[in-house]
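This report refers to the structure that appears directly beneath it.
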Amino acid sequence: MHRMKIQFCFIFVTFLTSFTSIPLTHATSRYYRTLAGGHRQGGSTKFNEQPLAEIAIYEAVLALHEDASVKASPNVLGLKGEDTEWVTIQVDHPEPSPDDWVAVFSPAQFNGSTCSYEDYTRIQPPYICSSPIKFMNVSYENPDYVNTGKSLLRLQIINQRSDFSFALFSGGYSKPELKAVSNTITFANPKAPLYPRLALGKSWDEMTVTWSSGYNIDEAVPFVEWAMKGHHQAQSRSPAGTLTFTQNDMCGGAARGVGWRDPGFIHTAFLKNLWPNMVYMYRMGHMLQNGEYVWSKTYSFKASPYPGQDSLQRVIIFGDMGKGERDGSNAYSNKHPGAINTTDTLIKDLENYDIVLHIGDMSYANGYISQWDQFLAQMEPISSKVPYMVASGNHERDWPNSGSFYDVDDSGGECGVPAETLFYVPAENRAKFWYSMDYGMFHFCVADTEHDWRIGTEQYAFIEKCLASANRHKQPWLIFVAHRVLGYSSNEWYGLEGSFEEPMGREHLQHLWQKYKVDIAFFGHVHNYERVCPIYQNQCVNNEKSHYSGTVNGTIHIVAGGGGSHLSDFSELDTVWSIYKDHDFGFVKLTAFNQSSLLMEYKKSSDGEVYDSFTITREYKDVLACVHDGCEPVTLAA
């Protein structure tokens, strides 16, 4: 142990000499408006700040204590192919303090030799330039630590393509003093293919599989092996393309500095000519240069129904989830308190839905790239089983002077790159995160609120084309989806603005929703649930509350942003168009029973029970019927 400390001390006092002092964008957090800035309350507290940003890692100083120690076990994880393991951390410190904490670093080496010239503004380089991937107060599970100086912690570690070390700090998060460093632990195969994400392809009979690994194409060839369930003798192999992104691809902030971590390699394979409704088995593989194979676990999915197919089809919709921590680390209970509940409730009900739409603000990594892997691991039981379709939110995309419609720093410098790379969507250009998709009797138009949607823009043209392309005879259920509320919301900070919407939202789009008779428009961004009456130009067009039938004379608006991040308050003002509000975590389920019957249910994440619902029943002639600002031209000619 003493020998390790001497070696570590030598590494720490060795630093690079060729540093240049430049401004660090993320170090000076900018004040921005409530609406644009992602949920400020009172104009001061930024509730969606990444917990890792609480750590002033650049301020860390070397203060190794000869008698302090940290020991991690087991040394090797994943011996049976596991991608998640529990690790025991034994801490001994002769001078304990209530603000002692343990940081998890990966890669295990975290000294000043990893710094780049962009990492700091001081003349003397910092000791540490990379954020830990998670952290925990030493007293979390052992309140008596401050008296005994001894503590046992259990941390959940996922495979993130590198080794791990654990460091003991005193001085709290603002003035960290490094006291001891553990032994290094690693997964048996840190490069293993992991965390599959299914997504619909551009054709109805295509499913895409995206996953992460540590294998570049010059080391191994990626592919997916798949077959219809029960027909293993007819296995197919589909090659995968490989992408990655680098620190230079980030636009600034934590993503380009303290939060950077190598994302490994992201592979996507296209499984084509699938038979509708059939169950397929699949696994990801890498063929090494020596001819050996590395395999993932085996998974399954159900192929999409044929467009217009009259059968039971079920869709889950929510936004703004975030990442939970099952081990209590990272103080996430104050940031995304509902994320684990929502995830677990959806996992328990996996057999009762067919596809998921996560409408923006996914991981809230906010520039701390390690958190994306952890979010993918959290969602893997769902994303490996059903198509997991995503939309872009402010915490994926927005960064000043980067082309985002909102000139704010909500992405922590990611400017959309990780989300666009880690998830496949059937967009013409994933940097412009808008796309259409068909699933059976549903036609979805997914907008990107972080790019301009107003009349005359490229995205506006897409939205109209997408809505107009729906064959309402075969796909009667037309759904509009976007992150920010372009429709109606009784949220407190929208109310303070006096608009009860994202400024310039419905003013530019409501005539399209009316013209093409959109059934429901779903939004996130506001962290609660709210259902609005069928509405057009601020007026409810139907007095019914639980069952709608006949002509489509207005669009129902639903805010489903209670996926897990901190909750948003409602305005005290009475919004006459609001039918149901819930200040809680939850998600929406749409069930199409056939061409003429649709059920919407809002379920709480805490128990999975239904707290709000309505049905729509109608015939094809009701969709064709002329309504105000929604009539086809008619000639007087005979």
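Laid out as a table, the results:
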quantity: Residue check for Val258: outside any loop (DSSP other than H, G, I, E, B), touching a residue at least 24 places away in the same chain (Cβ under 8 Å) and either of a type in the set (A, V, I, L, M, F, W, C) or out of contact with any strand residue (DSSP E or B) (no Cβ under 6 Å at 6 or more places or on another chain) (or both); calculated: no
quantity: Members of the range 157-188 that are of a type in the set (Lys, Arg) and out of contact with any Pro (no Cβ under 8 Å at 6 or more places or on another chain); calculated: Lys175, Lys179
quantity: Answer from Phe570, Phe587, Phe593 - the residue that is closer than 23 Å to Tyr548 by Cβ and more than 23 Å from the chain's Cα centre (by Cα); calculated: Phe593
quantity: Residue match in the range 583-594 (condition: assigned by TED's automatic domain parsing to the domain that holds Leu496, assigned to a strand (DSSP E or B), closer than 21 Å to Phe500 by Cα and among the acidic types (Asp, Glu)); calculated: no
quantity: Odd one out for Leu243 among (1) surrounded by fewer than 17 Cβ atoms within 10 Å (Cβ to Cβ); (2) over 16 Å from Pro418 (Cβ atoms); calculated: (2)
quantity: Selection status of Phe15, over 23 Å from Leu155 (Cβ atoms) and at pLDDT below 85; calculated: yes
quantity: Residue within the range 227-239 that is surrounded by 19 or more Cβ atoms within 10 Å (Cβ to Cβ), in the same structural domain as Thr298 (by TED's automatic domain parsing), modelled with pLDDT of 95 or more and of a type in the set (A, V, I, L, M) present; calculated: no
quantity: Close pairs (8 angstrom Cβ cut-off, 6 or more residues apart or separate chains): among the acidic types (Asp, Glu) in the range 592-613, not in a strand (DSSP E or B) anywhere; calculated: Asp607/Thr345
quantity: Those residues of the range 55-100 which are of a type in the set (Asp, Glu) and in contact with a strand residue (DSSP E or B) (Cβ under 9 Å, 6 or more places away or on another chain), in sequence order; calculated: Asp67, Glu82, Asp83, Glu85, Asp92, Glu95, Asp99, Asp100
quantity: Restricting the range 490-512 to residues that are of a type in the set (Asp, Glu) and under 20 Å from His451 (Cα atoms), the residue that is modelled with the highest pLDDT; calculated: Glu507
quantity: Residue match in the range 525-535 (condition: touching a residue at least 60 places away in the same chain (Cβ under 8 Å), touching a helix residue (DSSP H, G or I) at 6+ places or on another chain (Cβ under 7 Å) and aromatic (Phe, Trp, Tyr)); calculated: no
quantity: Selection from the range 63-95 of residues that are crowded, with 16+ Cβ neighbours inside 10 Å and farther than 28 Å from Pro196 by Cβ; calculated: Leu64, His65, Ala68, Ser69, Val70, Ala72, Ile89, Val91, Asp92, His93
quantity: Selection from the range 261-279 of residues that are touching a residue at least 60 places away in the same chain (Cβ under 8 Å) and surrounded by 19 or more Cβ atoms within 10 Å (Cβ to Cβ); calculated: Arg261, Pro263, Gly264, Ile266, His267, Thr268, Ala269, Leu271, Leu274
quantity: Qualifying residue in the range 402-424 (condition: free of Cβ contacts under 8 Å to residues at least 24 places away in the same chain, in the same structural domain as Phe270 (by TED's automatic domain parsing) and either surrounded by 24 or more Cβ atoms within 10 Å (Cβ to Cβ) or of a type outside the set (Asp, Glu) (or both)); calculated: no
quantity: Hits in the range 138-158 - residues which are assigned to a strand (DSSP E or B), surrounded by fewer than 20 Cβ atoms within 10 Å (Cβ to Cβ) and either modelled with pLDDT under 95 or within 30 Å of the chain's Cα centre (by Cα) (or both); calculated: Arg154, Gln156
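The values are calculated or read from the model by the stated rules, or taken from the named source; none is laboratory data. A quick note: this is a predicted structure, and the numbers were derived from the prediction, not measured. We place every Cβ from the backbone using ideal geometry, glycine too, and count neighbours over all the protein chains shown.
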